[in-house]
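Everything below concerns the one structure shown next.
The values are calculated or read from the model by the stated rules, or taken from the named source; none is laboratory data. Keep in mind the model is a prediction, meaning the values are calculated, not measured. Cβ sites come from the backbone with ideal geometry, for glycine too, and all protein chains shown count toward neighbours. These accessible areas exclude ligands, DNA and RNA; they are computed on the full protein's heavy atoms, side chains included. Shrake-Rupley method; radii C 1.70, N 1.55, O 1.52, S 1.80 Å.
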Amino acid sequence: MSAPSDTSTGIDPRSPRFGAGITAVLLLVDLFLGLVGATTAAFWLLLAIAALFAWGAFAGIKRHPYGVIFRTLIRPRLAAPTEREDAAPPTFAQGVGLVVTGLGLLLHLLGVPFVLPIAAALAFVAAFLNSVFGYCLGCQIYLLLVRAGIIRRRGPATA
């Protein structure tokens, strides 16, 4: 992910990882519910997760509830970050999560079998990779689209 060299701008890179950890746990619960046949519960939980993705995608990662929790409860107990990240890639990644979960919800409503656990599993893999390894799949998609000239970079440009 791109990181501005100026530590006064951008976001703490630990914040999206914190949020991804919470999201991964919720998606794992959703996957379990979908696999054991608690489809109604799985649907409502995935709808709540999709709403959180929408919040991050449209309001921005800085205004996401997990970001607020990180800034107010977790961040004050940690050392200052050595670098900051551009907020645009993780915000875009929230949109990718919204598309994956939203598509799963829509296909479920259209009667496609097993789509809820499949959508939850796909989103779980991405959240797990981000929270445990710091590898953000949605951020990588964002950077590829910027390099290809398909979308314009939002936020500070970096070398």
**Q.** P(r), alpha carbons of the chain - 10 Å bins starting at zero, rounded %
**A.** 11, 39, 32, 14, 3
Q: Work through the residues other than residue 145 whose Cβ is under 11 Å from its Cβ and net out their charges, Lys, Arg +1 and Asp, Glu -1.
A: +3
Q) Along the charge dipole of the chain, which of 49, 69, 129 sits closest to the positive end, that is, farthest toward it, with unit charges on the beta carbon of Lys, Arg, Asp and Glu (+1, +1, -1, -1)? A) 69
(Q) Please compute the length gained on full extension between residue 144 and residue 32, using 0.36 nm multiplied by the number of residues separating them and subtracting their Cα-Cα distance. (A) 37.1 nm
Q: Report the residue, chosen from 143, 109, 27, that carries the largest GNM mean-square fluctuation when the chain is represented by alpha-carbon nodes joined by springs under 10 Å.
A: 109
Q: Just name one of 118, 139, 108: the one whose Cα is farthest towards the positive end of the charge dipole of the stretch 77-159 (beta-carbon charges, Lys/Arg +1, Asp/Glu -1).
A: 139
Q. Where does the chain land at 222 nm, in deg cm²/dmol rounded to the nearest 500, when only DSSP H runs of n ≥ 4 count, each adding -39500 (n - 2.57), divided by all residues?
A. -20000 deg cm²/dmol
Q: Provide the net charge surrounding residue 74, with neighbours chosen by a C-beta distance below 13 Å and charges set as Lys +1, Arg +1, Asp -1, Glu -1.
A: +4
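Normalised by the number of residues in the stretch 1-132, what is the relative contact order in percent for Cα pairs under 8 Å and 6+ residues apart?
44 percent
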**Q.** For the chain: accessible area per residue (Å², 1.4 Å)
**A.** 54 Å²
Q: Mind checking the full-extension length gain between residue 112 and residue 72? Use 0.36 nm per residue of separation minus the Cα-Cα distance, one decimal, nm.
A: 10.3 nm
(Q) With a 10 Å cut-off between alpha carbons and a GNM built on the chain, which of 50, 79, 41 moves the most? (A) 79
Q) Could you give the longest part of the chain that holds none of the chymotrypsin sites (Phe, Trp or Tyr not before Pro) found in DSSP loops with at most 16 neighbouring Cβ atoms within 10 Å? A) 1-113
